[in-house]
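What follows is one structure encoded as structure tokens, with my remarks underneath.
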Amino acid sequence: MNQFARRTAPYAAALAAAALLLAAGCSKDEAKENVDKAKGAVTSVLDNPSSTAASPSGSATATTEAEQTRIATQGGQEVTISGDIYEKYVETGGSASPLGLPLEPEENGPNGGKYQDFAGGTIYSAEDGDPHIVWGEIRKAWEANGGANGKLGYPTSDEQDIPGGKESTFTGGTITWKDGQITVTPK
């Protein structure tokens, strides 16, 4: 794993704690107290990347290691994000990104691939491919066409901006969202 991802892992945990503070919704006095507690947790993680940072409410924690992170979601389930999916998650901004917190552990996909669901989308990785994010209307259309098991197969790109919309490529075709309309184009 590259050095950038290793150095940023503690920051992903710190961002997770900060995001939970913002989502908690509290009074000014409680907010100040929570910020002070969060500073201590963030400092702890930054000083010792293998430590655990807890949110002030105790409802979520993040533990970082060399190539993975474990996050206890608000539901209390501890979920590990690792390997290529972890690198993509960190690159995207971790829990502070539109992906948000993980919903479940990594799962095996068809043909040796893998994927992990997050609140805002899913990261998929073919056995010999790079991880890519599929979300929003493109994800709905892809899943309606069988997802990784369908003719479109695994994603080969993240969403790309195009005039008037977005586009993602897959091993078996392309899905375009333009001007509010979805077009699925098989190869």
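The values are calculated or read from the model by the stated rules, or taken from the named source; none is laboratory data. Just so we're clear, the structure is a prediction, and the values are computed from it rather than from any experiment. All Cβ positions, even for glycine, are placed from backbone atoms using ideal geometry, and neighbour counts span all protein chains on display. Surface areas here come from the heavy atoms of the whole protein model, side chains and all, with no ligands, DNA or RNA. Shrake-Rupley method; radii C 1.70, N 1.55, O 1.52, S 1.80 Å.
Within 15 Å, Cβ to Cβ, of PRO102, how many net charges do the neighbouring residues add up to if Lys/Arg are +1 and Asp/Glu are -1? Present the calculation step by step, with values, prior to reporting the outcome.
Working: positive: ARG70, LYS88, LYS114; negative: GLU78, ASP84, GLU87, GLU104, GLU106, GLU107, ASP117.
So the surrounding residues net to -4.
Can you check what the net charge comes to around GLU167, using other residues whose Cβ is under 12 Å from the Cβ of GLU167 (Lys, Arg +1; Asp, Glu -1)? If you can, show how the numbers build up before the last one.
Working: positive: LYS166, LYS178; negative: GLU137, ASP158, GLU159, ASP161.
With Lys, Arg at +1 and Asp, Glu at -1, the neighbours total -2.
Taking the Cβ of THR176 as the centre, find all other residues whose Cβ is under 11 Å away and add up their charges (Lys, Arg: +1; Asp, Glu: -1).
Every neighbour counted, the sum reads -2.
Under 1.5 on a/c is rounded, so check that first for segment 79-187, then, if it is not, pick prolate when a/b is larger than b/c and oblate when it is not; a ≥ b ≥ c are the square roots of the alpha carbon gyration tensor eigenvalues. Please list the in-between numbers first.
Numbers: a/c = 1.95, a/b = 1.31, b/c = 1.48.
It is oblate, given that a/c is not under 1.5 and a/b is not larger than b/c.
If each residue of separation counts as 0.36 nm, what is the full-extension length gain between ALA144 and ASP128 once their alpha-carbon separation is subtracted?
Details: separation 16, 0.36 × 16 = 5.76 nm, distance 2.42 nm.
Working it through step by step, the gained length comes to 3.3 nm.
Ranked from the most accessible area to the least, with a 1.4 Å probe and all protein chains present, what is the order of ASP84, ASP158, ASP179? Working shown, then result.
Values: ASP84 65, ASP158 40, ASP179 115 Å².
Accessible-area ranking of ASP84, ASP158, ASP179, largest first: ASP179, ASP84, ASP158.
Ranked by accessible surface with a 1.4 Å probe, highest first, in what order do LYS114, LYS140, LYS151 come? Before the final figure, lay out the partial values.
Values: LYS114 55, LYS140 125, LYS151 190 Å².
These residues rank, largest area first, as LYS151, LYS140, LYS114.
How much length is gained if the chain between GLU91 and LYS151 is pulled fully straight, taking 0.36 nm per residue apart and subtracting their Cα-Cα distance, in nm to one decimal?
On the way: separation 60, 0.36 × 60 = 21.60 nm, distance 2.86 nm.
Value of the extension gain: 18.7 nm.
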